[in-house]
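As structure tokens, the structure follows; a few thoughts come after it.
Read-outs throughout are calculated quantities, based only on the coordinates presented, and are distinct from any laboratory measurement. It should be emphasised that the depicted structure is a prediction, and the values quoted were computed from it without experimental measurement. Here the Cβ positions follow ideal geometry from the backbone for every residue, glycine too, while neighbour counts run over all protein chains shown.
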Amino acid sequence: MRCFMSEPVLIAVAWPYANAKIHVGNLTGAYLPADILARYHRLRGRDVLMVSGTDSHGTPVTVRADEEGTTPEQVYKRFHVEFIELFQKLGLTYDIYTTTHSRNHFDVAQKLFLSLKENGYLYIESSKQWYSPEQERFLPDRYVEGTCYFCGKPGARSDQCDNCGHLLEAEKLIDPKSKIDGSTPELRETSHFYLDLEKLQDQVGDFLRERQDYWRPNVIKQSLGQIESEGLHGRPITRDLSWGVPVPIEGWDEKCMYVWFEAVIGYLSSVVEWASLHDQPEAWHHWWTNPESRTLYCIGKDNIPFHAIIWLAELIGVSESFDEKMGAEDPKPLVLPYDIPANEFMNLEGRKLSGSKNWAVWGLDFLERYDPDPMRYYLTVNMPETRDSDWDWEEFYQRNNNELVATWGNLANRVLSFAYKYWEGRVPDPGELREADRALLASIREGFANVEAHMEAVKLRAALQEGMRLAAEVNKYLDTSAPWFEIKEDKNQAAKSIYTAMQAIDWLKVIFSPFLPHTSEQLQSFLGYEVPLFGSLVTQEITDELSTHRVMLYEPGESMTAKGEDLWKPVELTPGKPFSKPSPLFKKLDASIVEEERAHLGQ
RNA sequence: GGCGAAGUAGCUCAAUGGUAGAGCAGUGGACUCAUAAGCCAUUGGUUGGCGGUUCAAAUCCGCCCUUCGCCA
């Protein structure tokens, strides 16, 4: 059983939707920055929980299931299993990666829905929707096609014409047909619950205004801009659909909650699930009702309104009612977002990513040919933190060879090889350090503080850049002290140089570990540590009354970060300590990969 | 159409009113422990365009162009 004594940090990661593979844009936008933050906070000894899961419900999943002649559940599971495989290979340390299709999520989502209703933030309104008499069910807009009343072209969806771009009113669509069986649907009156955003808008606006100085401008201004220009309006949060979380009200069990309303609740339900899987069912409070808790939402810019407005409004509206429903004697409100460091998008070779045109670099496909750390490196130095960025194979190749291999990997290799050769695999004893040695170590020490500042501000590319600058500084130091000369004259002098460089590498290993965990662990073992920095990822099948679902869990195990100590600081390397013969951390890539990879695009 | 973000060296990005900088690429050099890696030096910019405010603008204001996201 784990004890939670330290500062709670919840890393809430966007939930991938179960109808498309994950590409580098998804990774750099949300999933990778989340893991970098999670690992950093773990190193600080904080009580980190990184959570997410597959967004499994909604119309697109049912559309695909219909097309493939299978069930929505099978469709979501196929993607879900692939997502987990990718995250595991890339080393994304989700404490729990689950799904919205679980009994637990249903319970939590329904409790939250009822809390909002009881607190007066839901209302019912009726509208006209397409209904298929043949199938005896309502049809989503995208199931109905007809002729556009603007441009006269057939094949227009009932809500929008792809030909002329006009938004359409369903009633006016000419000759509507169901895409499923070609039958003619009719418009019928139907009722739905709406989230009363008008009632919550002042509280949402005030909350955002208080965070103007440290949230990213894109997030704050977009949300406030909408509130201040148009104001917020009620939004329907239920659907006439069977694949989803049923509305928990008598007479409404034919309807489901709308995915955008329900999936974000996963940030809460996954923590509840994590707690119960670890036999500490009350532990979710540590992150969700504790005023000390910091919740960071890692998302892409397309998700900003759902998090900075709608989810925020849900949390404010629920207040302590959810805790009450969970049986708390002294119920507390849910914790509101500490930060939402949304990223922009990543393009590919100058063009927008497009799954349907195969204009994408797919995560799993990439990892069949390359290692995870080079991908993590390139995606971080190119992270779209302030504007859209671009994946360019030439640049990937250059940065891998010039920066990872040449500056950092080669530094570790040259120093450890030299030390291994002349000191028989033991850390040399430096005696008293010289001025230049102390100066180098002082600047790495300063590096911890610099990188820390960037990490706390979620400026990950600047943080990694600082790490590389420090690695270059060690290279410069070596060139000046030139231990390969010293060794010929006076081995004691060389011992000082090599000890200093090894010490620097040991520290840089920590600084780089949130970004490059696989190679930092390799260094950890080369340097003779018996315990790894981080734990490992495992999967498990969970069966509940609803279904069976796979979860991925992070297990701290016996790792250094499991102890809850602050490891983000220089620790002295013991002279005489045994270490092993090193091998290169990174592979040098051949220039030919650029053309090969480019040839695959768009095929 | 409304809201928002972005446009700076060949490329990727810094620089919140005070002489436009860094890394990579390019060019030149000395060295050899290391994955021919590393180190030193160096070329390169009408800051998307036009206008305005100011002693001073990449930065503030207005209009326009281009790209992207959300909403209608």
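Data table
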quantity: Label zone at A:Ser242, where the point sits 7 Å out along the Cα-to-Cβ direction: region A:62-92 residues whose backbone N lies under 11 Å; calculated: A:72
quantity: Equivalent ellipsoid semi-axes - Cα gyration tensor, chain A, angstrom; calculated: 50, 27, 21
quantity: DSSP beta bridge pairing in chain A, given as percent antiparallel to the nearest 5; calculated: 65
quantity: Helix A:460-481 vs. chain A, principal-axis angle (Cα, 0 to 90°, nearest 10); calculated: 10
quantity: Highest-first arrangement of A:426-432, A:98-104, where packing means the average Cβ count within 10 Å; calculated: A:98-104, A:426-432
quantity: Region A:277-335: radius of gyration over Cα atoms, expressed as a fraction of 2.2 N^0.38 Å; calculated: 1.27
quantity: Per-residue Cβ neighbour rank within 10 angstrom, fewest leading, A:Asp302, A:Asp181; calculated: A:Asp181, A:Asp302
quantity: Span per principal axis, largest first, for the Cα atoms of region A:385-494 (Å); calculated: 54, 31, 23
quantity: Cα long-axis angle, helix A:372-381 against chain A (0 to 90 degrees, to the nearest 10); calculated: 80
quantity: Cut-off 15 Å between beta-carbons: net charge of the residues surrounding A:Lys588, Lys and Arg +1, Asp and Glu -1; calculated: 0
quantity: Cβ-based exposure ranking for A:His23, A:His192, A:His549, in which fewest neighbours within 10 Å come first; calculated: A:His192, A:His23, A:His549
quantity: Amide H partners (placed H, <5 Å) of A:Asp390, local residues excluded; calculated: A:Asn347
quantity: Label-reachable residues, region A:262-288, where backbone N falls under 15 Å from a point 7 Å from A:Ser547's Cα toward its Cβ; calculated: A:263
quantity: At R0 = 25 Å, FRET efficiency that the Cβ-Cβ distance of A:Glu432 and A:Ser580 yields, to 0.05; calculated: 0.35
quantity: Nearest-0.05 FRET efficiency for A:Ser229 and A:Ser183, computed from C-beta distance (R0 56 Å); calculated: 0.85
quantity: Estimated vicinal HN-Hα couplings, Hz - region A:552-569 in sequence order (Karplus 6.51, -1.76, 1.60; Gly, Pro = x); calculated: 10, 10, 8, 10, x, x, 9, 5, 5, 6, 6, 7, x, 9, 7, 9, 7, 6
quantity: In degrees, nearest ten, helix A:59-68 long axis to first principal axis of chain A (Cα); calculated: 90
quantity: Cβ-placed point charges (K, R +1; D, E -1), dipole of region A:1-89 about Cα centre in debye, nearest 20; calculated: 480
quantity: Dipole of region A:164-288 [Lys/Arg +1, Asp/Glu -1 at C-beta], most positive-end residue of A:Leu241, A:Val264, A:His192; calculated: A:Val264
quantity: Rounded FRET efficiency, nearest 0.05, which uses the C-beta distance separating A:Arg209 from A:Asn358 and R0 of 60 Å; calculated: 0.85
quantity: Options A:Pro517, A:Ser132, A:Trp252, ranked by Cα towards positive dipole end of chain A, top entry (Cβ charges); calculated: A:Pro517
quantity: Net +/- balance of residues flanking A:Gly602 in space, Cβ distance below 13 Å, scoring K and R +1, D and E -1; calculated: +2
quantity: Residues A:Met468, A:Met383, sorted so that the one with the fewest Cβ neighbours within 10 Å comes first; calculated: A:Met468, A:Met383
quantity: Shape of region A:228-318, Cα gyration tensor, a/c cut at 1.5; calculated: oblate
quantity: Two-site label geometry, A:Glu565 and A:Ala591: point separation in nm, points 7 Å out along Cα→Cβ; calculated: 4.9
quantity: For A:Ser319, residues with placed amide H under 5 Å, excluding near neighbours; calculated: A:Leu334
